[in-house]
Amino acid sequence: MRRKDREVTDPEKIDAILADCTCCRLAFCDGGRPYIVPLSFGFAWEDGRRVFYFHGAKEGRKIDLIRAGGTVGFELDTHYKLNEGDSACAYSARFQSVIGTGSVSFVEETGAKLAALERIMAHLTGRSGWDFSAEAVEATCIFRLEVEELACKE
């Protein structure tokens, strides 16, 4: 990171920033061209690694790209504030952001899918204890991003 004075390295502070984010953008490489998808998410620490969970339809472009494998990029940001100035070059912005790379895989086992859906809903709503019908769980594709590299700044 070029601006070391803005780097955040404390895992608890990073988790607090992630908790304030509402959208995670996944970036895939599709035949040499970028493809970015904004997604709702949940996150957790598992086996000493940060993991993100997502849900969606069982078919489509992102599903095809996940099946193809490879590393993805991700980006989240929050608390944007424009700092006004007297001239164009005096303007700046304040924000917190997290970027990184990782690998995406599908979650197939029903218990793991339920746990992932619970994490997503807890992140979105701040509440836990959700009920999911067996039909909804079966019809939903759950995938997870295991973080390999991460950088955070504010």
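The values are calculated or read from the model by the stated rules, or taken from the named source; none is laboratory data. It should be emphasised that the depicted structure is a prediction, and the values quoted were computed from it without experimental measurement. Here the Cβ is made from the backbone with ideal geometry for all residues, glycine too, and neighbour counts use every protein chain on show. Remember, those area values only see protein heavy atoms, side chains included, never the ligands or the DNA or RNA. Shrake-Rupley method; radii C 1.70, N 1.55, O 1.52, S 1.80 Å.
Taking L145, is it assigned to a helix (DSSP H, G or I) and either touching a residue at least 24 places away in the same chain (Cβ under 8 Å) or among the charged types (D, E, K, R) (or both)? Considered against the rule, which asks whether it is assigned to a helix (DSSP H, G or I) and either touching a residue at least 24 places away in the same chain (Cβ under 8 Å) or among the charged types (D, E, K, R) (or both), L145 comes out as no. Only a single item in (1) surrounded by fewer than 13 Cβ atoms within 10 Å (Cβ to Cβ); (2) small (G, A, S); (3) in contact (Cβ under 8 Å) with a residue 40 or more places away in the chain is not met by A27, and it is number (1).
Just the residues that are in a helix (DSSP H, G or I), open to solvent by less than 80 Å² (accessible area, probe 1.4 Å) and under 18 Å from A16 (Cα atoms), please, taken from the stretch 90-123. Of everything in the stretch 90-123, those that are in a helix (DSSP H, G or I), open to solvent by less than 80 Å² (accessible area, probe 1.4 Å) and under 18 Å from A16 (Cα atoms) turn out to be I120, M121, A122, H123. Whenever a residue of the stretch 65-89 is under 18 Å from I17 (Cα atoms), its partners that are part of a strand (DSSP E or B) and among the charged types (D, E, K, R), lying with C-beta atoms within less than 8 angstrom and at least six residues away or across chains, give the pairs F74/R25; E75/R25; L76/R25; H79/R94; Y80/R94; K81/R94.
Out of all the residues in the stretch 79-86, is one or more surrounded by 13 or more Cβ atoms within 10 Å (Cβ to Cβ) and of a type in the set (F, W, Y)? There is no residue in the stretch 79-86 that is surrounded by 13 or more Cβ atoms within 10 Å (Cβ to Cβ) and of a type in the set (F, W, Y).
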